[in-house]
Structures are given as structure tokens and as C-alpha cells.
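Novice: Take this structure first; my questions come after.
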Amino acid sequence: MTELVLQALWSGILTGSSYALIALGLALVFGTMNVINLAHGELVLLAAYVAYTCESAWGASPLLAIPAAIVIVCIATALTYGLVGRIRRDRELNSLLLTYGIGIMLTNGILLIWKADIRSTKSAWLQDAIVFGPLYSMRSELLFFAVSAALIAGLWWWLTRTWAGRAVRAVASNRDAAQLMGIDPHRVEFVSFLVAGLLAAFAGAAIFSIGVIQPGLGISLTIKAFIITVLAGMGSVPGLLVGALLLGLTESLTTTFFSSALQELAGMVLFLVVLFVLPNGLFGTRWRRAH
Amino acid sequence: MCMRKALGMSLLAAIGCLLPAMGGAMAEEFVVGVEVPLSGSLARVGTGMSEGINVAADVFNRKNGKHKIKLITVDDESSPAKAVAAVEKLASQGVVAIDGGYGSGNIGPASDAANKAGLVYITSGGVDEALTQRGLKTFFRINNTAGYSKAMLGLLSDMGAKNVSIVYLTKEATSDLAKDVEKALVAKGVKVTMHAFDPSITDFKPIINKIKLQDKPDVIAMSGYENDYVGILRAAKVLKPEVKAVVGVWSLATSKMQEDFPDLMTDVYGTALLPFPAEFTTPDGKDFAESYKKLYGKEPDYLGQFGYVQSQLLFDAIVRAFDAGTLKTGGIATELRKSNRDTLIGRVQFDEKGDNPNFSHRMGQHQGKQVVVVWPKEYANGKMIFPGVPW
């Protein structure tokens, strides 16, 4: 039984870290612009397909494909921002509709270019088992666990310790006041979108290396990222990590002690319970008070 | 002048009356509606079926000297509502029947819509038992859960499995099959442990660990789709449970899986109509393979074969109904019910519910770069490697 529990906790942590990686970009844009980028999952998926192309065409490891994915996904996010930034009225609602439409276009674009077959890395090195006593995982899971932790720490550092990050937080806190202080909100929002694109590129390489991708996957990635963002509390980077890990652990323990058929339900119950007890999410209130 | 005009009119009227009766003697282009998912979650399987349908039309148009089949394809986007809209659109365009459909959840409402429009609906994409329990006279399918279950049970019986863990997706078709297999195995005294999983699952390690530490089975049986198989096999390759075989169902024993995931497929079993490289020995099979390669430049797969067979049966029924002058009066359903012929998936007949009682699948095993049919004996082209797992 101990072995079973330990493996469940380990699997939950690894899954949670990949969820955090997927949610980072969406949380950043949501936190800075109040825009729920419903095309975020498709942008992650686009990066995953870039990694697939690099591997299948040139035999490049998905890790080496990350720079190419960053370029392509950042262009796509810049174009998305170009459209979202033009919205003048009811930005929250209209951006929701617009990004949903962009998501559909991206899904169909991916389907046209890469077809409907499932894809995943062929790299045996990434899939090799790494065993620590009773804990089993794939090398790719450990690798992207480290990448996820580094990116979360990096994003937190950028937001709290750099002028650009502070400008992002200032715009998120009060756009008009930030503008009066000489910050160009459009520029800041554009930078946020680009950083979200960069994070999506890493997330895409991760899902291609760890799991299986197919053109219809984008929307489920967006939903998962959105749940984690809300669970964490708007704008909270540490909250994002805690929320993602909680979700991963809940799913894994539900599978181990009950049934995998209930894991989605368990995740939603966790989401509702947290929102019922803490309507601003796990770290939302504290974050707001601190700023 | 008036007399001549009256005579001319009478002659035209007589020809008009005789034309339908002479239908059999005239060449005709039949418009068939194809409703398949070409986008959304079922895009891959829908595309595979669509390829088979196109091949059937190509073969028909080349072989049938008289009549032509024209296909109008509408993408149902893997959604039940869009599937109904697609059927209604096709009905309004005057098609004589609907071919296609994938996923029992989409096929149910789509075939209801076809029935309301008085159109025959034929498919190989949904094995849910409820589909044939609705009493529709216009619904036909060439495969069913019983045929898949029979194949899996036959193989497990040949292996002498005493303890089986079944890992299955919580969708209708996959859970129906898993429960059928469980029931039959338990009746034979085999110990069975069931593990349902949600479509959203990304990490199968907790399930495989339970199988490894608690169930300790001889065989892991999987009822899911390609992405699930890859996840399960990857988790199993990491945890290495001590089992003798891994058996799956559709979309597993294919050349595509071998090509894309070679290290995961070693010695894995799945349903397979034909070995790979495909060996088509019948003239019909050769026509299919030749046309498939010509149109798509690749080896045919099982989805194409199913799509081809259902369409072949439909096109033949359309021609027979036309020849009998009953095309517009429910003749296609009547003619389909009379079908009794050998096809690429075996003999096909339809019972009063529109189901094919003869359907029984075959089991193949990935052996090196080949897929070898190992069950039943009469179709086997090699022996199974047992025990054998990818790790």
C-alpha cells in the first residue's frame, strides 16, 4: 500500500507540474489584461506540432525544437494580440469571443497542416524509466518538472524584481494609474502576450515529449489552464504552482484509491470547494492585499 | 396541325410514363450523402472511413459500366448536432442514402434524422448495442460489439489466461465491449479486474501501478483508442508489470502504430482484419488495394476497409433498387436486407434490426515490422509470440 501511495503522490506532483507549465501563459495574460485567452491551449498545441515537425523532419529532439517553437508561437501570439488589442469596448467579453474564434481557426489550421493522426515523441531517451526506490517516472517528466519549476521561479522573479515585470503588475492593478505614471499599457500588454507565447512554447514541447497530441487537444488544455488559474487566484504565480499540484495530486489519488473515471469529477469538486471557501482562489486575496 | 401537335404530346406523355419503368435500362448517376467527422476529436477515424468510401465509389464507377455514384461529403465536426444538420443538409440536396458516421453518440441522432427523411443510413463507425434496438428500418451497420468481443475472448482463451485486468475508456462503445468481455470471462472462471478511465487522463501510471501491485494479472486487456493505448503502454513500460501479454482492440494492430511507436508495439495484440503488409488475394481485395494506393498513395488500413465494405453494399443495393423501380419508395433498405455476400470483412448479412450477425473480428500481433493475424486459426498467417510484451 505504501508503494501505491508514494507512486500516486509522485505521479500527482509530476502531472501537476506539467499542468502548471500549461497554465502559466494563460494566467499571465488573464492577470495583466483581464483577457481570458481561449486560444491558449491551441498555442501550446501549435508549439507541440512544431516540436513534432522538427523531430520527424530533421530528427531533432523536442528540446532542441523549443527555440523554433518560441519564434512561431510568439508570432501567433503577437497576431492574437494585434486583434485583441483593437477591441475598444467590453474587452472582457469581446476578447473571449475573439480568442475562441482564433482557437477554432488554429485547430483547423493544425488539422490541415498536420492531419488528424495522433503524435508523440519517438525519442527513447525521453521515455526511459527513471526509478528512485519505489518512485517511477519517464525522463521527460522529470526534465519538464525541472523546466516548469525554473519557469515559475523565473516568471515570479520577472514580475517582482524587474521594471518590466513591475510595469506588468502596475497595468494589471490599475491601467489608468499606470498610464499616468508613464507606462505604455499597450506595450506592456504586448510584452505579456509575448511572454505567454514563450511559456506556451515550453509547454508544447512538454506535452509532445510526455504525452500524445492531436488537433482536438487545444480546448481541453485551455480548460485545464483556466481551472488552475482561477483556483490559484488571479495573478498569483505561487498560487498557480500550488493549484496545479493540488489538481494533479487530487486526480492521481482519486485514480489510485477510487477510479480514474472519477478523476475529472474530483478535480471539479476541488475547484468548487476552493472557490466556495476562498472565492478569490487560493492566493487571490493575499495577492490583492499585498498590492 | 392540331392533330400533329396532339400526337406529339401523346408520344411525349407515353415516354414520360414509360421512363421510370425502364429505369433498369438507363444509365443513372446516384447521389450519395457522406456524413463523416473530418475535424474535431474523431477526425482521424472519420478521415479513414471517408477514404474507404471514396475508394468504393472509385471502384464502382470504374467497374460498373452503366451507372455512376456521386458523393457529397459533409463534415459533422465530431458533434451530434452537426451530424444531424449534415444529414438534413444532404437530404435537402436530394441524396438517395447516407453513408458514414463515426461514434455511437453521433450516429444515433444522425441516423434518426436520416430515418425521418426516409433515407437509408449505413455505417461501420458505431458499435453501441442501443443503435440497433431503436426499431429503425433504415439503419444498417456491418460491425458490432459482439464481433470484437468474440475476437478478444477467442485470443484470451487460446492464451489460457486465468487472471485479466481490463483497462477501459468510459465511452459507450469501449465500456460496452469491456463489460461484455468481463461477463464472458467471469462465466468461464477467469479472474477479472476492471479499471475504467476518463478520456481526459494523461498519466496512466497510477492505474498500471495498481495492476502491478494488486491485480498481478496474466494479461492486460485494453479497450480504448490510439492515444489511450500509447499512454497505457508507456506507463507499463516504465512500471514493467509482470504480465504475459497486452491485448487491445481497434486502431492498435496497424502499420501506422508500428511506424509511429515502434518501441511500444512489440508483441502487442489488437484487432486486425488483415496482416501487414496486407495480402489481398480476392479480386475484390485487389481492386480495393489498387484503388486505395492510387487515390491516397499509401497502404490501406482497417478504417478504409470498413468504409469500403459498407459503401460497396450500399451502392449495390441502390442499383438493385433502381433496377426494381423502388429507389424512391424504400427499395434501398429492402435490397440491403437481402444482402448476403462475402466481403473484405467476411460474410455480411443484415438481420431485422439492421445488424450484421456474422461479424467476427480477427486478432493480430505486432511482430517486428509486421502485423501477423494470429486468431482465428482459419485466417491466421502466423503463430503468436506468447508470452511477449514491449518491455
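The values are calculated or read from the model by the stated rules, or taken from the named source; none is laboratory data. Model, not experiment: these values are computed from the prediction. Heads up, the Cβs are rebuilt from the backbone with ideal geometry, glycines too, and the neighbour counts pull from every protein chain shown. Remember, those area values only see protein heavy atoms, side chains included, never the ligands or the DNA or RNA. Shrake-Rupley method; radii C 1.70, N 1.55, O 1.52, S 1.80 Å.
Novice: If I ask for residues that are within 14 Å of another protein chain (Cβ to nearest Cβ), out of contact with any Leu (no Cβ under 9 Å at 6 or more places or on another chain) and among the aliphatic types (A, V, I, L, M), which ones from region A:88-123 would you list?
Specialist: A:Ile104, A:Met105, A:Leu112, A:Ile113, A:Ile118
Novice: From A:Ala205, A:Ala196, grab the single residue that is away from chain B (no Cβ under 11 Å), over 22 Å from A:Met138 (Cα atoms), at pLDDT 90 or above and in a helix (DSSP H, G or I). Give the derivation first.
Specialist: Values: A:Ala205 fails: over 22 Å from A:Met138 (Cα atoms).
Exactly one residue qualifies, and that residue is A:Ala196.
Novice: Just one of (1) surrounded by 16 or more Cβ atoms within 10 Å (Cβ to Cβ); (2) within 14 Å of chain B (Cβ to nearest Cβ) trips up A:Leu151, so point out which.
Specialist: Here A:Leu151 meets the rest and fails (2).
Novice: Hey, any hits in region A:235-248 for a residue that's farther than 21 Å from A:Ile152 by Cα, within 14 Å of chain B (Cβ to nearest Cβ), among the aliphatic types (A, V, I, L, M) and open to solvent by less than 10 Å² (accessible area, probe 1.4 Å)? Give the derivation first.
Specialist: Applying the first criterion (farther than 21 Å from A:Ile152 by Cα) to region A:235-248 yields none.
Checking region A:235-248: not a single residue is farther than 21 Å from A:Ile152 by Cα, within 14 Å of chain B (Cβ to nearest Cβ), among the aliphatic types (A, V, I, L, M) and open to solvent by less than 10 Å² (accessible area, probe 1.4 Å).
Novice: Let me ask another. Starting from residues that are outside any helix (DSSP H, G or I) and open to solvent by 20 Å² or more (accessible area, probe 1.4 Å), keep the ones in region B:146-162 and report whichever is nearest to the other protein chains (Cβ to nearest Cβ).
Specialist: Narrowing region B:146-162 to residues outside any helix (DSSP H, G or I): B:160-162.
Then drop every residue that is not open to solvent by 20 Å² or more (accessible area, probe 1.4 Å), which leaves B:160, B:162.
Numbers: B:Gly160: 29, B:Lys162: 23 Å.
The residue in question is B:Lys162.
Novice: Sort through A:Gly41, A:Gly85, A:Gly16 and tell me the only one that's in contact with a helix residue (DSSP H, G or I) (Cβ under 8 Å, 6 or more places away or on another chain), within 14 Å of chain B (Cβ to nearest Cβ) and over 23 Å from A:Trp157 (Cα atoms). Before the answer, list the steps.
Specialist: Working: A:Gly85 fails: within 14 Å of chain B (Cβ to nearest Cβ); A:Gly16 fails: over 23 Å from A:Trp157 (Cα atoms).
Of A:Gly41, A:Gly85, A:Gly16, the one residue that is in contact with a helix residue (DSSP H, G or I) (Cβ under 8 Å, 6 or more places away or on another chain), within 14 Å of chain B (Cβ to nearest Cβ) and over 23 Å from A:Trp157 (Cα atoms) is A:Gly41.
Novice: Within region B:183-217, can you find the residues that are in contact (Cβ under 8 Å) with a residue 24 or more places away in the chain, surrounded by fewer than 22 Cβ atoms within 10 Å (Cβ to Cβ) and in contact with a Leu (Cβ under 9 Å, 6 or more places away or on another chain)?
Specialist: Result: B:Ala184, B:Lys188, B:Val190, B:Lys191, B:Val192, B:Ala196, B:Asp198, B:Pro199.
Novice: Looking only at residues in region A:249-261 that are more than 8 Å from chain B (Cβ to nearest Cβ) and within 19 Å of B:Ser175 (Cβ to Cβ), which one is most open to solvent (accessible area, probe 1.4 Å)?
Specialist: Per the stated criteria, the residue is A:Phe258.
Novice: Taking B:Leu233, is it within 14 Å of chain A (Cβ to nearest Cβ), surrounded by 23 or more Cβ atoms within 10 Å (Cβ to Cβ) and at pLDDT 95 or above? Don't jump to the end; show me each part of the working.
Specialist: Working: within 14 Å of chain A (Cβ to nearest Cβ): yes; surrounded by 23 or more Cβ atoms within 10 Å (Cβ to Cβ): yes; at pLDDT 95 or above: yes.
So B:Leu233 passes the test.
Novice: Please find, among A:Pro67, A:Pro62, the residue that is more than 26 Å from A:Leu231 (Cα to Cα) and either polar (S, T, N, Q) or at pLDDT below 95 (or both). Before you say what the answer is, go through the steps one by one.
Specialist: Working: A:Pro67 fails: either polar (S, T, N, Q) or at pLDDT below 95 (or both).
On inspection, the qualifying residue turns out to be A:Pro62.
Novice: Here is a further query. Just to be sure I understand, how many residues within region A:53-73 are in contact with a Phe, Trp or Tyr (Cβ under 7 Å, 6 or more places away or on another chain) and closer than 29 Å to A:Ser95 by Cβ?
Specialist: Initially, region A:53-73 is screened for residues in contact with a Phe, Trp or Tyr (Cβ under 7 Å, 6 or more places away or on another chain), giving A:62, A:66.
Next, from what is left, pick out any that are closer than 29 Å to A:Ser95 by Cβ: A:66.
So the answer is 1.
Novice: Can you pull out the strands (runs of 3 or more DSSP E) entirely within region B:32-131 that have at least 2 residues that are surrounded by fewer than 22 Cβ atoms within 10 Å (Cβ to Cβ) and either free of Cβ contacts under 8 Å to residues at least 60 places away in the same chain or touching a Gly at 6+ places or on another chain (Cβ under 9 Å) (or both)?
Specialist: On the way: elements: B:68-75, B:97-100, B:120-123.
The qualifying strands (runs of 3 or more DSSP E) are B:68-75.
Novice: Of the residues B:Glu29, B:Glu51, only one is over 14 Å from the mean Cα position of the chain (by Cα) and not hydrophobic (A, V, I, L, M, F, W, C); which? It would help to see each step written out before you state the result.
Specialist: On the way: B:Glu51 fails: over 14 Å from the mean Cα position of the chain (by Cα).
Result of the check over B:Glu29, B:Glu51: B:Glu29.
Novice: For region A:111-131, how many residues meet the condition of being open to solvent by 70 Å² or more (accessible area, probe 1.4 Å) and of a type in the set (A, V, I, L, M)?
Specialist: 3
Novice: While we're here: Restricting to region B:182-208, what's the tally of residues that are at the interface with chain A (Cβ under 7 Å from one of its Cβ atoms) and assigned to a loop (DSSP other than H, G, I, E, B)?
Specialist: 5
Novice: Within region B:209-230, take every residue that is of a type in the set (D, E, K, R) and part of a helix (DSSP H, G or I) and give me the one that is farthest from the other protein chains (Cβ to nearest Cβ).
Specialist: The initial filter retains those residues of region B:209-230 that are of a type in the set (D, E, K, R), namely B:210, B:212, B:215-216, B:218, B:226, B:228.
Then keep just the ones that are part of a helix (DSSP H, G or I); that gives B:210, B:212, B:215, B:226, B:228.
On the way: B:Lys210: 7, B:Lys212: 9, B:Asp215: 12, B:Glu226: 5, B:Asp228: 9 Å.
This residue is B:Asp215.
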